[in-house]
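The values are calculated or read from the model by the stated rules, or taken from the named source; none is laboratory data. Not measured: the values here are computed from a predicted model. Counting neighbours? That spans all protein chains shown, and the Cβs are built from the backbone with ideal geometry, glycine included.
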Amino acid sequence: MNIAIVGTGYVGLVTGTCFAETGNHVICVDINEEKVRQMQAGQVPIYEPELDHLFERNAQAGRLKFTTNLAEAIKDAEIIFLALPTPPGGDGAADLSYVMGVADDLSKIITSYKVIVDKSTVPVGTAEKVHAILAKNLDESLFDVVSNPEFLREGVAVEDFMKPDRVVIGTNSERARDLMKKLYMPFVRQGNPIYFMDERSAEMTKYAANSYLATRISFMNEIANLCERVGANVDAVRKGMGSDNRIGKRFLFPGIGYGGSCFPKDVKALAKTAEEYDFDFKILKSVMQVNQRQKNRLVEKLENYYGDELKGKTIALWGLSFKPNTDDIREAPSLLIIEQLLELGAKVQAFDPEAMSHIQQIFGDKITLCENKYEALEGADALAILTEWNEFRTPDFEKIASLLNSKVIFDGRNLYSLEQMREQPFYYESIGRATVHPKA
């Protein structure tokens, strides 16, 4: 099939590359001329494991192409995916200006039947709005608008796309349904379902799924904070809960709050939708409040430890991206933590395997970015762990002790067991667990 992808951000590029991998001919279009030139030259503009291999293979095979010309991209396309930014506005509502702008552009250049797919995460009712814009200039026989939300996890997005748990497609058109089923059949050969539903239900499914997962994270963070008060171990609690098959083991790990491009934006957008329909979504309001407060926990622990002496201290940070295996720092706890440390007069030196260039664009020379995790420790007064990258899981503790001015670790991701740390010479404070004091 001939496919056009409008937007080559995280979702658009993964989507286009994976569709090309199953033999489709894909043209990705973006208004950023420099970005398009880079992709035409074989450069992948985002970090996502395994994406570069598929990108190279399909580009070389001629199945994956890039352009800045929208008319060229959609001329022969049977299906057009809109994978455009929908950033939160000041009131939390999703900004649909990019989606609506492209819909208006398409209404002036479509000459044969196309399926227009909202791949971006959009509020309930967006498919209808896109349909209305297209219908201003087009006969309704020339298009159908479909909602097809993505469920990609950064760091494993290629696997998620190639082997989806489910595919959700919102449409009432049999013609569009048949085309979408044909497109997705290679991805569900093992029997995973394609769920067809109306457009509004598909749009709500994405927001409901992400908001529920965010709720689980915030709930466990609250449990962790209570565990610290009552003397319980959140690791034990998590395992006891997760073994119940009604609950399951995933999204039960406490930490320093969720971040990224999806959970914060989608929770805010769903809350805004509820507000617009005069519904008081109390749980979502609490989820957002808890998450914001949780991002402060590590700095609070540092302040409690150092008191007024935090000013002038050097804090080493391991991890800057919002989660491992991505360079994405959008809404990452690290951003707030760095700002707070600098405001308190502390110095920051940090390492992340992938995200440092993005951090440098924000903080410049206000912090020191290091070549590796051990360099970040040199002359530091404490280590704070913000992201659970695999390379941080089994460090050389003797080397850490020798490089730090003081043997102090604040672990925002509970990377190390308490039993392990009791054998080490560190003051070790984590989330929802007992503090370990240096071994005598």
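So the values come out like this:
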read-out	value
Test result for Leu284, hydrophobic (A, V, I, L, M, F, W, C), under 25 Å from Glu429 (Cα atoms) and assigned to a helix (DSSP H, G or I)	no
Qualifying position, being touching a residue at least 60 places away in the same chain (Cβ under 8 Å) and either buried (at least 17 other Cβ atoms within 10 Å of the Cβ) or not aliphatic (A, V, I, L, M) (or both), among Ala214, Ala208	Ala214
Selected residue [of a type in the set (Val, Ile, Thr), touching a residue at least 40 places away in the same chain (Cβ under 8 Å) and more than 17 Å from Phe161 (Cβ to Cβ)] from Ile3, Ile27	Ile27
Some residue of segment 143-153 being touching a residue at least 24 places away in the same chain (Cβ under 8 Å), assigned to a helix (DSSP H, G or I) and not assigned by TED's automatic domain parsing to the domain that holds Arg250	no
Residue among Gln360, Gln340, Gln349 that alone is among the polar types (S, T, N, Q), closer than 23 Å to Arg293 by Cα and either at pLDDT 95 or above or not assigned by TED's automatic domain parsing to the domain that holds Glu50 (or both)	Gln340
Filter result (closer than 24 Å to Tyr10 by Cα and assigned to a helix (DSSP H, G or I)) within segment 292-336	Pro333, Ser334, Leu335, Leu336
Some residue of segment 163-175 being in a loop (DSSP other than H, G, I, E, B), among the β-branched types (Val, Ile, Thr), in contact (Cβ under 8 Å) with a residue 12 or more places away in the chain and surrounded by 15 or more Cβ atoms within 10 Å (Cβ to Cβ)	yes
Any chance Ala77 is surrounded by fewer than 16 Cβ atoms within 10 Å (Cβ to Cβ) and either touching a residue at least 60 places away in the same chain (Cβ under 8 Å) or not basic (Lys, Arg) (or both)	no
Residue list for segment 360-391, filter: over 24 Å from the mean Cα position of the chain (by Cα) and of a type in the set (A, V, I, L, M)	Ile367, Ala376, Leu377, Ala380, Ala382, Leu383
Within segment 338-421, helices (runs of 4 or more DSSP H) holding 1 or more residues that are in contact with a strand residue (DSSP E or B) (Cβ under 8 Å, 6 or more places away or on another chain), over 18 Å from Pro438 (Cα atoms) and touching a residue at least 12 places away in the same chain (Cβ under 8 Å)	356-363
Qualifying residue in segment 105-126 (condition: surrounded by 14 or more Cβ atoms within 10 Å (Cβ to Cβ), without any contact (Cβ under 8 Å) to a residue 24 or more places away in the chain and assigned to a helix (DSSP H, G or I))	no
Residues (among the hydrophobic types (A, V, I, L, M, F, W, C), within 17 Å of the chain's Cα centre (by Cα) and more than 20 Å from Asp144 (Cα to Cα)) located in segment 83-108	Ala94
Hey, Asn245 farther than 26 Å from Thr273 by Cβ, surrounded by 15 or more Cβ atoms within 10 Å (Cβ to Cβ) and of a type outside the set (Gly, Ala, Ser) or not	no
